[in-house]
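Following: one structure in structure tokens, then a few remarks.
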Amino acid sequence: MRIAVAGATGRMGRALIEAILAADDATLAGALSSAGGSAVGQDAGAFIGKETGVAITADIDTVLSASDVLLDFTRPQGTLAYLEAAKRHRVKMVIGTTGFNAEELRLIEETATHTAIVFASSTSVSLNVTLELVRLAAKHFSEGYDIEVVEAHHRHKVDAPSGTALTIGETIADALGRKLADCAVFTRDGVTGPRDPSTIGFSSIRGGDIVGEHTVLFIGEGERIEITHKTLNRLPYVSGALRAARFLMKQESGLFDMQDVLRR
């Protein structure tokens, strides 16, 4: 399994490269960074103290022509360029990037008709198991409980709420037979009036080096149920991404999520 890594100089990119080097069934096929970046030309293992023999490059086509799967945990603008190249070279993709608009999501869906893509706001296996717990709880606490989603990430995260928080909200809304767009509340300011019991509230915290924390609160009279998932480092995302890559090796085309990966 020949794997290329996008955003090779970032924290997630470094963690992915290290995991690929340690995997028995994977080889590092390429390491991508933005054009003009200071790391271009350096060895892909320079940031983790290992020699890989693979140079960091901005040449997407050259890298993907020699790859089976691209792991992309970057930003929407970068992902769109990778999608075009993946379509040309029929390279499979694991996309952990978040913050896409409706048109960008449509492009991901269209590309998946030409190659196989796992698109997930979180590749953490335990987070995806947590989604099943949240779904079960939502069905049982559909009446008499106010629902809030609180997420916290590092100071460098550029989108809010996090993609994972939105996935959690969609999971809850689906369990309640609603559409998230119709019941989500993202901001509260000033005199807001009493809380609408049919809504799902979101709160975002940004600070320090928090990798990722998500808590769902079901708040009733005299009691509160909390379901929390905390990521202490990037290893859960990395191991999940490699699991997704292995899953994709058996797929010709189609758009999948981590729930599909866990079921197979």
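Residues of the range 113-150 being under 14 Å from the mean Cα position of the chain (by Cα), closer than 20 Å to GLY212 by Cβ and not in a helix (DSSP H, G or I), which ones?
Residues satisfying the conditions are VAL118, PHE119, ALA120, SER121, SER122, THR123, SER124.
Conditions tested, residue by residue: (1) closer than 25 Å to LYS230 by Cβ; (2) aliphatic (A, V, I, L, M).
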residue	(1), (2)
SER124	yes, no
VAL129	yes, yes
ALA138	yes, yes
SER142	no, no
ASP159	yes, no
ILE168	yes, yes
ASP174	yes, no
LEU180	yes, yes
CYS183	no, no
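Can you pull out the residues in the range 241-264 that are of a type in the set (D, E, K, R) and in contact (Cβ under 8 Å) with a residue 12 or more places away in the chain?
Once the filter is applied, which keeps residues that are of a type in the set (D, E, K, R) and in contact (Cβ under 8 Å) with a residue 12 or more places away in the chain, the range 241-264 yields ARG243, ARG246, LYS250, GLU252, ASP257, ASP260, ARG264.
Strands (runs of 3 or more DSSP E) wholly in the range 159-240 with at least 2 residues that are among the small types (Gly, Ala, Ser) and in contact (Cβ under 8 Å) with a residue 60 or more places away in the chain - which ones?
212-220
Can you name the number of the only condition in (1) among the polar types (S, T, N, Q); (2) in the same structural domain as ARG224 (by TED's automatic domain parsing); (3) buried (at least 22 other Cβ atoms within 10 Å of the Cβ) that THR115 fails?
Condition not satisfied by THR115: (2).
Quick check on this structure: which one of GLU213, GLU221 is closer than 30 Å to TYR145 by Cα, touching a His at 6+ places or on another chain (Cβ under 9 Å) and either crowded, with 16+ Cβ neighbours inside 10 Å or modelled with pLDDT of 95 or more (or both)?
So the residue among GLU213, GLU221 that is closer than 30 Å to TYR145 by Cα, touching a His at 6+ places or on another chain (Cβ under 9 Å) and either crowded, with 16+ Cβ neighbours inside 10 Å or modelled with pLDDT of 95 or more (or both) is GLU213.
Does GLY7 fit the bill of being assigned by TED's automatic domain parsing to the domain that holds ALA86, on the phi > 0 side of the Ramachandran plot, within 21 Å of the chain's Cα centre (by Cα) and not basic (Lys, Arg)?
Values: assigned by TED's automatic domain parsing to the domain that holds ALA86: yes; on the phi > 0 side of the Ramachandran plot: yes; within 21 Å of the chain's Cα centre (by Cα): yes; not basic (Lys, Arg): yes.
Answer is yes for this residue.
With respect to SER38, is the statement that it is of a type in the set (Ser, Thr, Tyr) and under 21 Å from the mean Cα position of the chain (by Cα) true?
Taking the combined requirement at face value, the residue does not satisfy it.
Where the second residue is assigned to a loop (DSSP other than H, G, I, E, B) and β-branched (Val, Ile, Thr) and the first is in the same structural domain as GLY240 (by TED's automatic domain parsing) and crowded, with 20+ Cβ neighbours inside 10 Å and lies in the range 59-85, which pairs have Cβ atoms under 7 Å and are six or more apart or on separate chains?
Short answer, once both residue conditions are applied: LEU64/VAL91; SER67/VAL91; VAL69/VAL91; LEU70/VAL91; ASP72/THR97; PHE73/THR97; THR74/THR97; THR79/THR97.
Is one or more of the residues making up the range 159-176 farther than 18 Å from GLY201 by Cα, of a type outside the set (Val, Ile, Thr) and surrounded by fewer than 21 Cβ atoms within 10 Å (Cβ to Cβ)?
No, the conditions are met nowhere in the range 159-176.
Quick one: is ALA241 within 22 Å of VAL94 (Cα to Cα) and among the aliphatic types (A, V, I, L, M)?
Taking the combined requirement at face value, the residue satisfies it.
Do you know which residues across the range 212-264 are acidic (Asp, Glu) and in contact with a strand residue (DSSP E or B) (Cβ under 8 Å, 6 or more places away or on another chain)?
Matches in the range 212-264: GLU213, GLU226, GLU252, ASP257, ASP260.
Filter the range 207-260 for residues that are under 16 Å from the mean Cα position of the chain (by Cα) and of a type in the set (Lys, Arg) and give the result.
Residues satisfying the conditions are LYS230, ARG234, ARG243.
Exactly one of (1) buried (at least 21 other Cβ atoms within 10 Å of the Cβ); (2) not in a loop (DSSP other than H, G, I, E, B); (3) not charged (D, E, K, R) is unmet by GLY7. Its number?
GLY7 satisfies every listed condition except (2).
The values are calculated or read from the model by the stated rules, or taken from the named source; none is laboratory data. All of these numbers come straight from a predicted model, not from anything done at the bench. Using ideal geometry, Cβ is built from the backbone for each residue, glycine included, and neighbour counts are taken over all protein chains shown.
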